[in-house]
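Visitor: Before we start, here is the structure in question, set down as structure tokens.
The values are calculated or read from the model by the stated rules, or taken from the named source; none is laboratory data. Every value quoted in this text rests on a predicted model; they were computed, and no experiment measured them. Reconstructed Cβ throughout: ideal geometry from the backbone, glycine too, with neighbour counts over all protein chains shown.
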Amino acid sequence: MRNFYYFSLIFLSVSVFSCKSDTKSETENVKSKASLQLIFNQKVGDDVFVMDEYKYHADAGYDYKIVTLRFFTSEFVLYDTSGNNFQLDTFHYREADEPHAYTAEMVLSDMISPDTYDGISFLHGLDETYNKPISPMDTPSLPNNVNEYRDMYWPWQEQGQFHYMKYEGFYAAGQDTFAFKLHSGPTKGNQNYIKIDKLDFPSTTINAGDTLVVELIMDVDKWVNNDIVYDFKKYGSGIMDNQEAQDILKSNGKSVYSVGKVYVKKNGN
């Protein structure tokens, strides 16, 4: 049975698919491997993202602030410089608005092959492997379904599934303020997860026992100010049943992520 954990500083459980036969013992194999660590951060342009302040302007004509930002990512793929792809068998839940102290202390360290790596891709959201439709009386489909990401469950369809993202806040129109809820997820037969194509980073070599650290950064403003301008007023406070609004998030979401710092923590450090 697979175990899954979520936290801001996350070690990913890795399943590496290889055509090579491994004749070493399990202990020797572990000692010959390295680790991958992902750090999730947020920004707006070149600036650090600030929660719950009217610091941002939507091109549709409104100042806005974000008070809730929660999302899933999954189906990570790590790329080496020889063109090989390594599937990382895990998902990650990020709660940017309510960080929990204990999550930074949790460490899950499974192994990847020592090699030279230069990119990573993933899904924003959950594919059908993790987000299986279920009846209201069934247990939600994600393992270790702790209270924090139970809040992402959306039971209001005939068969409930999890939201991919909750991006919530307020926008100002004249002297008035209004709430918005940019919730993404599967609805009306549309999956709506977003494939984030390979994000390149400088070729980085890791040896056995090392940890490859990759920072993934979400530009929060690009959800609304991008190739398509999102209009809070036009789409209203809730959009889970609005496929036109979901399609805007799918289009804009392809470019919200970038790679920040990439470095190697040597064995023992």
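Visitor: At pLDDT 85 or above, among the polar types (S, T, N, Q) and closer than 22 Å to ILE196 by Cβ, is that true of SER113?
Guide: no
Visitor: Restricting to the range 242-263, what's the tally of residues that are in a strand (DSSP E or B) and of a type in the set (Ser, Thr, Tyr)?
Guide: 3
Visitor: Test each condition in (1) over 30 Å from TYR153 (Cα atoms); (2) modelled with pLDDT of 85 or more for PHE40 and report the one that comes out false.
Guide: Unmet condition: (1).
Residue by residue, here is whether (1) out of contact with any Ser or Thr (no Cβ under 8 Å at 6 or more places or on another chain); (2) of a type in the set (Ser, Thr, Tyr); (3) more than 30 Å from SER35 (Cα to Cα) holds:
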residue: ASN192; (1), (2), (3): no, no, yes
residue: ILE196; (1), (2), (3): no, no, no
residue: ASN226; (1), (2), (3): no, no, yes
residue: MET240; (1), (2), (3): no, no, yes
residue: ILE248; (1), (2), (3): yes, no, yes
residue: GLY260; (1), (2), (3): yes, no, no
residue: VAL264; (1), (2), (3): no, no, no
residue: ASN267; (1), (2), (3): yes, no, no
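Visitor: Within the range 163-190, can you find the residues that are farther than 20 Å from LYS254 by Cα and assigned to a loop (DSSP other than H, G, I, E, B)?
Guide: GLY174, GLN175, LYS188, GLY189
Visitor: Hey, another quick one. Mind listing just one residue for me: the one in the range 240-251 that is more than 15 Å from the chain's Cα centre (by Cα) and within 18 Å of ASP221 (Cβ to Cβ) and, of those, surrounded by the most Cβ atoms within 10 Å (Cβ to Cβ)? Lay out the reasoning, then the answer.
Guide: Just the residues of the range 240-251 that are more than 15 Å from the chain's Cα centre (by Cα), to begin with: 240-248, 251.
Pick out the ones that are also within 18 Å of ASP221 (Cβ to Cβ) and you get 245, 248, 251.
Values: ALA245: 20, ILE248: 22, SER251: 14.
Here the residue is ILE248.
Visitor: If I ask for residues that are within 22 Å of GLU95 (Cβ to Cβ) and hydroxyl-bearing (Ser, Thr, Tyr), which ones from the range 218-269 would you list?
Guide: SER237, TYR257, SER258
Visitor: Here's another thing I want to ask about it. For the range 219-226, check the following and say yes or no: at least one residue is surrounded by fewer than 18 Cβ atoms within 10 Å (Cβ to Cβ) and either more than 16 Å from SER255 (Cβ to Cβ) or touching an Asp or Glu at 6+ places or on another chain (Cβ under 8 Å) (or both).
Guide: No, there is no match, as no residue in the range 219-226 is surrounded by fewer than 18 Cβ atoms within 10 Å (Cβ to Cβ) and either more than 16 Å from SER255 (Cβ to Cβ) or touching an Asp or Glu at 6+ places or on another chain (Cβ under 8 Å) (or both).
Visitor: Also, I was wondering about something else. Among the numbered conditions (1) touching a residue at least 60 places away in the same chain (Cβ under 8 Å); (2) of a type in the set (S, T, N, Q); (3) surrounded by fewer than 17 Cβ atoms within 10 Å (Cβ to Cβ), tell me where GLN175 comes up short.
Guide: Among (1) touching a residue at least 60 places away in the same chain (Cβ under 8 Å); (2) of a type in the set (S, T, N, Q); (3) surrounded by fewer than 17 Cβ atoms within 10 Å (Cβ to Cβ), the lone unmet condition for GLN175 is (1).
Visitor: Given the condition assigned to a loop (DSSP other than H, G, I, E, B), β-branched (Val, Ile, Thr), at pLDDT 85 or above and touching a Ser or Thr at 6+ places or on another chain (Cβ under 8 Å), answer yes or no: does some residue in the range 77-89 qualify?
Guide: yes
Visitor: Check the range 191-210 and report whether any residue there is of a type outside the set (A, V, I, L, M), within 27 Å of ASP241 (Cβ to Cβ) and in a strand (DSSP E or B).
Guide: Yes; the residues of the range 191-210 include at least one that is of a type outside the set (A, V, I, L, M), within 27 Å of ASP241 (Cβ to Cβ) and in a strand (DSSP E or B).
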